[in-house]
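**Q** Can you keep this structure in mind? I'll have questions shortly.
A short reminder: the numbers here are calculations on the coordinates, not readings from a lab. These numbers come from a predicted model, not from an experiment. With ideal geometry, Cβ positions are generated from the backbone for all residues, glycine too; neighbour counts draw on all protein chains shown.
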């Protein structure tokens, strides 16, 4: 069982991840990892000494090849339960952002094999118990 919660804010040192819900020309932006046959929202781990918003920008650029984009924080989220990136099941926290990408690099230089622009959300998610809930929250907030 995995539970996703949303917060206005938490103590900064608790933020371990950044996830960036992204669109380009009205389409959803998803990544396909070279070791998986599923789709995921760009995001990743915060590096030592890194400001969490910088994590979001770095991960967006690395995983999508975004060159020109507007990015804004939406809220803090947490995941409780065992997942691919959390074997203890303890509550972990991340920053949820939204980005509008206007230009992509011609090539990706990351663990992602491709970036896909979709009109609809995918059915085959890498994190099906987490990422659809993050997008649903963004849609409920109607921030963009």
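**Q** Under 19 Å from the 7 Å Cα→Cβ point of residue 121, by amide nitrogen: which residues of the range 1-17?
**A** 1-7
**Q** Can you tell me the length gained on complete extension of the stretch residue 34 to residue 85, counting 0.36 nm per residue apart and subtracting the Cα distance?
**A** Numbers: separation 51, 0.36 × 51 = 18.36 nm, distance 1.69 nm.
So the extension gain works out to 16.7 nm.
**Q** While we're on this one: Is the C-alpha gyration tensor of the chain telling us rounded, prolate or oblate? Criteria: a/c under 1.5 is rounded; beyond that, a/b larger than b/c is prolate, otherwise oblate.
**A** Details: a/c = 1.37, a/b = 1.29, b/c = 1.06.
It comes out rounded by the Cα gyration axes.
**Q** Additional query: If you stretched the chain out fully between residue 129 and residue 68, how much longer would it get, using 0.36 nm times the residue separation minus the C-alpha to C-alpha distance?
**A** Numbers: separation 61, 0.36 × 61 = 21.96 nm, distance 3.02 nm.
Here the answer is 18.9 nm.
**Q** Starting from the Cα-Cα distance between residue 47 and residue 6, subtract it from 0.36 nm times their residue separation and give me the gain in nm to one decimal.
**A** Values: separation 41, 0.36 × 41 = 14.76 nm, distance 2.24 nm.
That pair, residue 47 and residue 6, stretches by 12.5 nm at full extension.
**Q** How do 33, 109 line up, fewest other C-beta atoms within 10 Å first? All intermediate terms of the calculation are to be shown ahead of the outcome.
**A** Details: 33 16, 109 9.
Ranking 33, 109 by Cβ neighbours within 10 Å, fewest first, gives 109, 33.
**Q** Another one. If we count other beta carbons within 10 Å of each Cβ, what is the order of 112, 1, 118, fewest first?
**A** Values: 112 19, 1 7, 118 12.
Ordered by Cβ neighbours within 10 Å, fewest first: 1, 118, 112.
**Q** Follow-up question, since we're still on this one. Report, in degrees rounded to the nearest 10, the 0 to 90 angle that the Cα long axis of helix 131-141 makes with the longest principal axis of the chain.
**A** Result, in degrees: 90.
**Q** In degrees between 0 and 90, to the nearest 10, how far off the longest principal axis of the chain does helix 52-64 point, with axes built from Cα atoms?
**A** 40
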